[in-house]
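First up is the structure itself, then whatever we jot down about it.
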Amino acid sequence: MTARLLDGKAVAQQMRAELAAEVAALRGRGVVPGLGVLLVGDNPASRVYVTAKERACGDLGLYSSEVRLPASASRDQILDAVGAFNRDERIHGILVQLPLPDASMEPHVLEAMNPAKDVDGFHPVNVGKAVLGLPAFLPCTPHGILQLLRRSGISIAGAHVVVIGRSRIVGRPLATLLSQKGEGGNATVTLCHTATRDLAAHTRRADIVIAAAGRPDTVRADMIREGAVVVDVGMNRVPDPSAPRGYRLIGDVAFDEVREKAAWITPVPGGVGPMTITMLLFNTVAAARGGPSGSP
Ligand code: NAP
């Protein structure tokens, strides 16, 4: 079997077309959805992500405003920038690009954000609401994966899903959303991490494997069953002198061998990545509309 591609680019395009209609309707009422972006330091990967997000905003007709602070910025300077976005009526959503140079500041900075503008879904209020199944801004990568699966016709309800990775931004919220009772959830979830004793024993029993470990070749062909669905969240840079930037991106899944066994697989790039940015746009438009809606 050769897997069909879970085409994040195509699904993201479809969702962005839907959003464009909403943005036009909002603009007709005099509302231009606005995103405030805060970038601290000069981490090259963060700069690439921020540029891609701002370009996507521009393409959709959103307003965006960027504040850049040096890596040496104090906690007060960062909190002031967040406070200014909180007060700015043109800004409906705030994106603080993580990681911050000083990771110990992150909880304070996230908590300083108005939860009604927290379009990344990382504020404790949104995290708590999402766990309780209440309307909340859902974190972009997990929500994007759910949309990608659903819009590709893959049923989650009743499936055994193995998630590899338990980070606050990907694995853990994904496990929460997948296991939620109701539409978009109802999966049986196994959450794996570095203390999992026999990873392959779990993945081999899975209908859907979602890899978010940040380590190439975490999932090999002998670790999945024939006909499984494989979602690769990983984005790992490997040196490649022939590539324009001197590196290329690969996922956590050994793509060439796993695609011969799986029924569906996401490419890297072009799988989860475009969905993540799209869900940021989705949340920003929702914030401009007045807040998040119901379940994923
Ligand atoms: P992270 O914070 O480093 O977390 C990685 C998780 O994977 C941890 O929970 C870790 O376990 C687990 N893990 C690592 N190696 C493992 C192994 N061999 N077996 C089982 N579990 C293992 O990473 P993250 O922020 O979640 O990101 C994960 C990957 O997704 C990265 O490559 C990142 O670049 C990518 N990413 C992509 C997008 C996108 O839009 N495409 C968005 C976000 C992240 P412990 O908890 O035990 O350490």
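Since every read-out is calculated from the coordinates, none of them should be taken as a lab result. Since the structure is predicted, the reported quantities are computational estimates derived from the model, not experimental observations. Note that each Cβ is placed from the backbone with ideal geometry, even for glycine, and that neighbours are counted across all protein chains shown.
Once the C-beta distance of D76 and V32 is scaled by a Förster radius of 30 Å, the resulting FRET efficiency is 0.50 to the nearest 0.05. Only Cα pairs under 8 Å and 6+ residues apart enter the sum, and on that basis the relative contact order of the range 30-120 stands at 38 percent.
Residues L5, L281 in ascending order of nearby Cβ atoms (within 10 Å, fewest first): L5, L281.
Taking R0 as 35 Å, what's the FRET efficiency between A84 and S167 from their Cβ-Cβ distance, rounded to 0.05?
Using R0 = 35 Å, I get an efficiency of 0.75.
Helix by helix through the chain, keep the DSSP H runs that span 27 Å or more along the axis on Cα and average at least -1.0 on Kyte-Doolittle, and give those back in order. In the chain, the long hydrophobic H runs are 8-28. Counting every Cα pair in the range 140-273, what percent are over 26 Å apart? Tail of P(r) above 26 Å: 16 percent of Cα pairs. In this Cβ point-charge picture (+1 for Lys and Arg, -1 for Asp and Glu), the range 30-120 has a dipole of about 200 debye about its Cα centre.
Apply the a/c threshold of 1.5 to the C-alpha gyration tensor of the range 25-82 and tell me whether it is rounded, prolate or oblate. The shape class here is oblate.
Here the chain carries DSSP beta bridges of which approximately 10% are antiparallel, counting only pairs with both residues inside. Working ranking of peptides 46-56, 206-216 by packing, defined as the average number of other Cβ atoms within 10 Å per residue, highest first, is 206-216, 46-56. The gain in end-to-end length when the A25 to E66 segment is fully stretched comes to 12.3 nm, 0.36 nm per residue minus the alpha carbon separation.
Estimated from helical segments only, the mean residue ellipticity of the chain at 222 nm is -12000 deg cm²/dmol, where each DSSP H run of four or more residues counts as -39500 (n - 2.57).
Kirkwood hydrodynamic radius, computed over distinct alpha-carbon pairs, for the chain: how many Å, to one decimal?
Details: mean 1/r = 0.0508 Å⁻¹.
Over the chain, the inverse of the mean reciprocal pair distance is 19.7 Å.
Note: the range 90-161, Cα convex hull, 134 Å³ per residue. All other residues whose Cβ lies under 10 angstrom from that of A71 are scored, Lys and Arg at +1 and Asp and Glu at -1, for a net of -2.
If each residue's Cβ is checked for other Cβ atoms within 10 Å, how do D120, D76 rank with the fewest at the top? Mind showing how you got there, number by number?
On the way: D120 24, D76 9.
Ordered by Cβ neighbours within 10 Å, fewest first: D76, D120.
Lysine pairs in the chain whose alpha-carbon atoms fall under 19 angstrom of each other, counting only those eight or more residues apart or on distinct chains, come to 4.
Stretched out fully, how many nm does the piece from R289 to R248 gain, at 0.36 nm a residue minus the Cα gap?
10.9 nm
Charged side chains reduced to their Cβ positions (Lys and Arg at +1, Asp and Glu at -1) give the chain a dipole of some 380 debye around its Cα centre. Let me spell out the model: positive unit charges on the Cβ of Lys and Arg, negative unit charges on the Cβ of Asp and Glu, origin at the Cα centre of the range 140-273. What dipole size does that give, in debye rounded to 20? For this selection, approximately 400 debye. Calculate, in nm to one decimal, what E106 and D217 gain on full extension: separation in residues at 0.36 nm each, minus their alpha carbon distance. Separation in residues times 0.36 nm, less the Cα-Cα distance, equals 37.0 nm. Ordering L149, A73, T176 by Cα displacement along the dipole of the chain toward the positive end leaves L149 in first place; charges were set at the Cβ atoms of Lys, Arg (+1) and Asp, Glu (-1).
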